[in-house]
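Working notes, structure below.
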């Protein structure tokens, strides 16, 4: 029986466990990346481990999230990250060099290698045949220290692509179609592997758009084969030497198969407020719009920008529309300037933003009240844009640019003939904004620069013998990490200060939660299905940890957030019977008796007693040998320290 491409790469990197679906495996990590919203904490954790030098083949620290410097906090974080990188063997991508996933694809990604990043859209690397996985910052710190990264051995879903995209239909429409069919929960515990003749019609930037937004499926990652198209892209980046051909075996066996005929797709949009709320542009109709934002790690490649420039050439942005454009990297921006496309964008009335994440994470460009904003981004969760009642639609660059001109949602197929857009044979290469680390012999000469906003990792403690605590908060289904720990220009600068940022924890759901939880001392959170979907931000676990949350009981978890809770020493529990969700109310006193002994003994079904109403509620505590030990120790940092003694 042949192997899938996913299985080949995982098997080649396996260091712990067996390749049995559903069981935990540990894999060797070749590369890591961080960004500045998660990086400060990741490097504080790396320092706490006491490892002098990273042990990966390549680790890169990017500055792309907190680039709006309205106070000293973000600048201090950037300075801290730069000094840590210089000292400990990490390459440092300076502010202005671009979005981590775009730059990593261009300058560092290698087919067949493993990459984990402290950002949920790290699967972008799957566009060139990497196993690239989003993870919490502490997992990335451990990998930098030479430790394995642990995942559940995934099922592999084959997405068989046939046909070819019609003119003005985009790669964005491919992943929106997958989301329409599978939903934001459909990829949990799975890797999405793209195969078939249709793959040959997609460029590397198009493939990367698809793998990038695979994160919204809840998937472990997504991957394309590494073929001649991959080779041409790497050759154009002057990195052909890292290329290798990678493909599944002809007789590979997949757990599921999804058939998509690219020729049948039409322009689509994810409607408010979920990436899987998909409708056709023609179905929605000529809806008046207020704003268009083009960019993000999903759609900011040179190819995307050239298409946008073609649509805008000789036109003027509609007077009722604000159009902003953020090229994904300095390389893209340089080349737009060189070939005249940047002038076209400016002439049309676009507001050119720096090469950074910007509006995608609520860092500026919030729409007007109840404003309808078309965005080429990957998430449209309620309030994520920075405007609570903003109506955010996720679309392709083609739809976005066409609509910016007309002032209404516009099907780009109305634009007439589409020219052929080709990537250059050679990209402009200038890595002067990437700072290499000092030699190991010189690392003692580097001073780590810390600002006053940088606080230590929160205190942890071994798992308690028993947990008796009230339910401090009860929430519903599809709670995102944006609900738990919001982003945006006001909150992101506090990412390196857990005591301060915790005051915003769950503020979207209940503004009183931080005060109430802190006053209670210890508490339990209860939630619905797909709890913690979205970003990899470990702050959505660290802030509850600081506020005294000891356990989270839900119908089901998103993968990365569950791992982050375990890393923080917070017990992740799920209902055996989902109907028992109705047997707990906020304020109820809950008891988990002898929980430490039960976890030590590997007991998977525990009982929570609701002392307020007398109900006994069976819950699942599914911890493997390693995650059990992490929980008993009080979190991954404590566990790692003990393991290194």
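The values are calculated or read from the model by the stated rules, or taken from the named source; none is laboratory data. Bear in mind that the values here come from a model prediction, so they are computed numbers and not experimental data. A quick note on method: Cβ atoms are made from the backbone with ideal geometry, for glycine too, and the neighbour counts reach across all protein chains shown.
Of 297, 293, which residue is in a loop (DSSP other than H, G, I, E, B) and closer than 29 Å to residue 63 by Cβ?
297
I'm told residue 113 meets every condition in (1) more than 17 Å from the chain's Cα centre (by Cα); (2) farther than 28 Å from residue 626 by Cβ except one. Can you identify the failing condition by its number?
(2)
Surrounded by 23 or more Cβ atoms within 10 Å (Cβ to Cβ), more than 16 Å from residue 479 (Cβ to Cβ) and touching a helix residue (DSSP H, G or I) at 6+ places or on another chain (Cβ under 8 Å): is that true of residue 568 in this structure? Walk me through how you get there before you give the answer.
Details: surrounded by 23 or more Cβ atoms within 10 Å (Cβ to Cβ): yes; more than 16 Å from residue 479 (Cβ to Cβ): yes; touching a helix residue (DSSP H, G or I) at 6+ places or on another chain (Cβ under 8 Å): yes.
Answer is yes for this residue.
Specify the residue that is farthest from the chain's Cα centre (by Cα); the eligible residues are those in segment 319-340 that are surrounded by fewer than 21 Cβ atoms within 10 Å (Cβ to Cβ), without any contact (Cβ under 8 Å) to a residue 60 or more places away in the chain and under 24 Å from residue 394 (Cβ atoms).
Checking each candidate, the answer is 322.
Would you check which residues across segment 536-562 are surrounded by fewer than 24 Cβ atoms within 10 Å (Cβ to Cβ) and assigned to a loop (DSSP other than H, G, I, E, B) and list them?
Result: 548, 555, 556.
So if I check each of 602, 614, which one is at pLDDT 95 or above, on the phi > 0 side of the Ramachandran plot and outside any helix (DSSP H, G or I)?
Values: 602 fails: at pLDDT 95 or above.
The match here is 614.
Among 496, 472, which is the only one that is touching a helix residue (DSSP H, G or I) at 6+ places or on another chain (Cβ under 9 Å), not in a loop (DSSP other than H, G, I, E, B) and not assigned by TED's automatic domain parsing to the domain that holds residue 99?
On the way: 496 fails: not in a loop (DSSP other than H, G, I, E, B).
Exactly one residue qualifies, and that residue is 472.
The rows are residues; the columns are (1) touching a helix residue (DSSP H, G or I) at 6+ places or on another chain (Cβ under 9 Å); (2) surrounded by fewer than 13 Cβ atoms within 10 Å (Cβ to Cβ).
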{"position": "589", "(1), (2)": "no, no"}
{"position": "595", "(1), (2)": "no, no"}
{"position": "601", "(1), (2)": "no, yes"}
{"position": "606", "(1), (2)": "yes, no"}
{"position": "609", "(1), (2)": "no, no"}
{"position": "635", "(1), (2)": "yes, no"}
{"position": "639", "(1), (2)": "yes, no"}
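Pick from segment 226-246 the residues that are part of a loop (DSSP other than H, G, I, E, B) and in contact with a helix residue (DSSP H, G or I) (Cβ under 6 Å, 6 or more places away or on another chain): which of them is surrounded by the most Cβ atoms within 10 Å (Cβ to Cβ)? Don't jump to the end; show me each part of the working.
Of segment 226-246, the ones part of a loop (DSSP other than H, G, I, E, B) are 227, 237-239, 243-245.
Now narrow it down to the ones that are in contact with a helix residue (DSSP H, G or I) (Cβ under 6 Å, 6 or more places away or on another chain): 237, 243.
On the way: 237: 19, 243: 21.
That would be 243.
Of everything in segment 341-362, what is under 26 Å from residue 489 (Cβ atoms) and more than 16 Å from the chain's Cα centre (by Cα)? Give them in sequence order.
From segment 341-362, those under 26 Å from residue 489 (Cβ atoms) are 342, 345-346, 349-362; that's our starting set.
Hits for segment 341-362 are 342, 345, 346, 349, 350, 351, 352, 353, 354, 355.
Among the candidates 174, 157, 110, single out the residue that is in contact with a strand residue (DSSP E or B) (Cβ under 8 Å, 6 or more places away or on another chain), assigned to a strand (DSSP E or B), in contact (Cβ under 8 Å) with a residue 12 or more places away in the chain and more than 30 Å from residue 447 (Cα to Cα). Let's see the steps before the verdict.
Values: 174 fails: assigned to a strand (DSSP E or B); 110 fails: assigned to a strand (DSSP E or B).
Just one listed residue meets the conditions, 157.
Test residue 524 against the criterion of being outside the structural domain of residue 219 (by TED's automatic domain parsing), within 22 Å of residue 274 (Cβ to Cβ) and modelled with pLDDT of 95 or more, and give yes or no. Walk me through how you get there before you give the answer.
Values: outside the structural domain of residue 219 (by TED's automatic domain parsing): yes; within 22 Å of residue 274 (Cβ to Cβ): no; modelled with pLDDT of 95 or more: yes.
When the stated conditions are applied, residue 524 does not pass them.
Search segment 363-392 for residues being part of a strand (DSSP E or B) and under 19 Å from the mean Cα position of the chain (by Cα), and hand back the single one that is farthest from residue 74 (Cα to Cα). Steps first, answer last, please.
Residues of segment 363-392 that are part of a strand (DSSP E or B), as a first pass: 372-375, 391-392.
So of that shortlist, the ones also under 19 Å from the mean Cα position of the chain (by Cα) come out as 375, 392.
Working: 375: 25, 392: 27 Å.
Of everything passing the filter in segment 363-392, 392 is farthest from residue 74 (Cα to Cα).
Residues of segment 353-375 being in contact with a strand residue (DSSP E or B) (Cβ under 6 Å, 6 or more places away or on another chain) and either crowded, with 24+ Cβ neighbours inside 10 Å or closer than 20 Å to residue 65 by Cα (or both), which ones? Steps first, please.
Start the filter on segment 353-375 by keeping residues that are in contact with a strand residue (DSSP E or B) (Cβ under 6 Å, 6 or more places away or on another chain), which leaves 353, 355, 359, 365, 367, 371-375.
353, 355, 359, 365, 367, 373, 374, 375, listed by residue number.
Looking at (1) in a helix (DSSP H, G or I); (2) in contact with a helix residue (DSSP H, G or I) (Cβ under 7 Å, 6 or more places away or on another chain); (3) surrounded by 22 or more Cβ atoms within 10 Å (Cβ to Cβ), find the lone condition where residue 191 falls short.
(1)
What do you reckon, is residue 51 assigned by TED's automatic domain parsing to the domain that holds residue 249, over 22 Å from residue 541 (Cβ atoms) and either within 22 Å of the chain's Cα centre (by Cα) or part of a strand (DSSP E or B) (or both)?
Details: assigned by TED's automatic domain parsing to the domain that holds residue 249: yes; over 22 Å from residue 541 (Cβ atoms): yes; either within 22 Å of the chain's Cα centre (by Cα) or part of a strand (DSSP E or B) (or both): no.
No, not satisfied.
For residues in segment 67-88 being outside any helix (DSSP H, G or I) and either within 22 Å of the chain's Cα centre (by Cα) or modelled with pLDDT of 95 or more (or both), which is nearest to residue 141 (Cα to Cα)? Lay out the reasoning, then the answer.
Residues of segment 67-88 that are outside any helix (DSSP H, G or I), as a first pass: 67-71.
Those left that are additionally either within 22 Å of the chain's Cα centre (by Cα) or modelled with pLDDT of 95 or more (or both): 67-68.
Details: 67: 23, 68: 26 Å.
Residue satisfying both the conditions and the ranking: 67.
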